[in-house]
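The values are calculated or read from the model by the stated rules, or taken from the named source; none is laboratory data. All of these numbers come straight from a predicted model, not from anything done at the bench. Ligands, DNA and RNA are excluded from the accessible area calculation, which covers all protein heavy atoms including side chains. Shrake-Rupley method; radii C 1.70, N 1.55, O 1.52, S 1.80 Å.
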Amino acid sequence: AAENLEKLTGDRVPSRLCNVAKEEDVRGLIEAAISEFGQLDVLINNAGLGGTANVVDMTDEQWHTVLDITLTGTFRMTRAVLPHMKAQKWGRIINIGSETFHLGVKPFTAYVAAKGGQNGFNRSLAHELAEWNITVNMIAPGWIPVERHENDPQEMKDGYLASIPMGRWGVPQDLDGTVVYLASEASGFVTGQNIHVNGGTTVH
């Protein structure tokens, strides 16, 4: 991600590991960002954990792990940045959701539930933060076959590709323009929205 931002902006982008399931990691990341840049303007919540299991086979631990990282991690990161954004009365929060919530994809029930929770969090938080000139929006990508999808069944890939009206796979760079727009002054009157970047798979 840092390398992509450097190519896009031409600026040096430092990176730091953070486990969003650990409050101390989250605090450390925000403190490091403030120390490095002096202020914090944009938060992109992109941490997520999938995992496939039918509900009857899912353990409590599996369920809670997916929700803790994907949904509660979004809450932890957002809570940590808000004092800084409120103090400057400006901020952009961008939550990376998923079309799986709208399509009800199986057997990803925990992941879909977490993304649905993110969607509700996104909408309510947009109302909560509007008076501070902090916008809150979501991007819902389609299935983008990055490294973690290398071992997915070929018939599943073929079926999904056939469902994309634009007739091609998405690539990570397809999100760049939407992210930059939502992070900029150009989107200052846009909040609480969920923008699908998926070649049209959720157009019905």
List the residues, sorted by chain then number, that are 5 or more residues from G48 or on another chain and whose placed amide H is less than 5 Å from its amide H.
none
Between region 142-161 and region 67-130, what is the separation of their alpha carbon centroids in Å?
25 Å
In order over region 112-123: 3J(HN,Hα) from phi, Karplus 6.51/-1.76/1.60, θ = phi - 60°, whole Hz, x for each Gly or Pro, gives 5, 4, 5, 5, x, x, 4, 4, x, 4, 4, 5
If you rank S35, S98 by how much accessible surface each has, with a 1.4 Å probe, what is the order from largest down?
S35, S98
Just how much of D57 is accessible, in Å², when a 1.4 Å probe is used and the result is rounded to the nearest 10?
100 Å²
Comparing D25, D158, D176, which has the greatest mean-square fluctuation in the GNM of the chain with Cα pairs linked when under 10 Å apart?
D158
Dmax and Rg, reported as Rg then Dmax, of region 74-171 (C-alpha, Å):
16.7, 51
For the chain, modelled as a Gaussian network with Cα springs under 10 Å, which listed residue fluctuates most, N122, N54, N45?
N54
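On the accessible surface of the chain, probed at 1.4 Å, how many percent belong to carbon and sulfur atoms?
Carbon-and-sulfur percentage of accessible area, whole number: 54.
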Taking the full set of protein chains and a 1.4 angstrom probe, give the accessible area of K22 in square angstrom, rounded to the nearest 10.
100 Å²
Only Cα pairs under 8 Å and at least 6 apart count here; give the relative contact order of the chain as a rounded whole percent.
20 percent
Specify the residue with the greatest mean-square fluctuation among G117, G170, G51, computed from a Gaussian network of the chain linking alpha-carbon atoms under 10 Å apart.
G51
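Ignoring ligands, DNA and RNA, how do T65, T135 rank by accessible area with a 1.4 Å probe, largest first?
T65, T135
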Please work out the average accessible area per residue across region 95-171, using the 1.4 Å probe convention, and give it in Å².
53 Å²
Please report the equivalent ellipsoid semi-axes of the chain, computed as sqrt(5 x eigenvalue) of the Cα gyration tensor, largest first, in whole Å.
28, 20, 17
Taking region 64-142 and dividing mean pair separation by its residue count, relative contact order in percent (alpha carbons under 8 Å, at least six apart)
42 percent
What do you reckon, how do R27, R92 stack up by accessible area (1.4 Å probe), largest on top?
R27, R92
In Å, the Kirkwood hydrodynamic radius from C-alpha pairs for region 7-119 sits at 15.4 Å
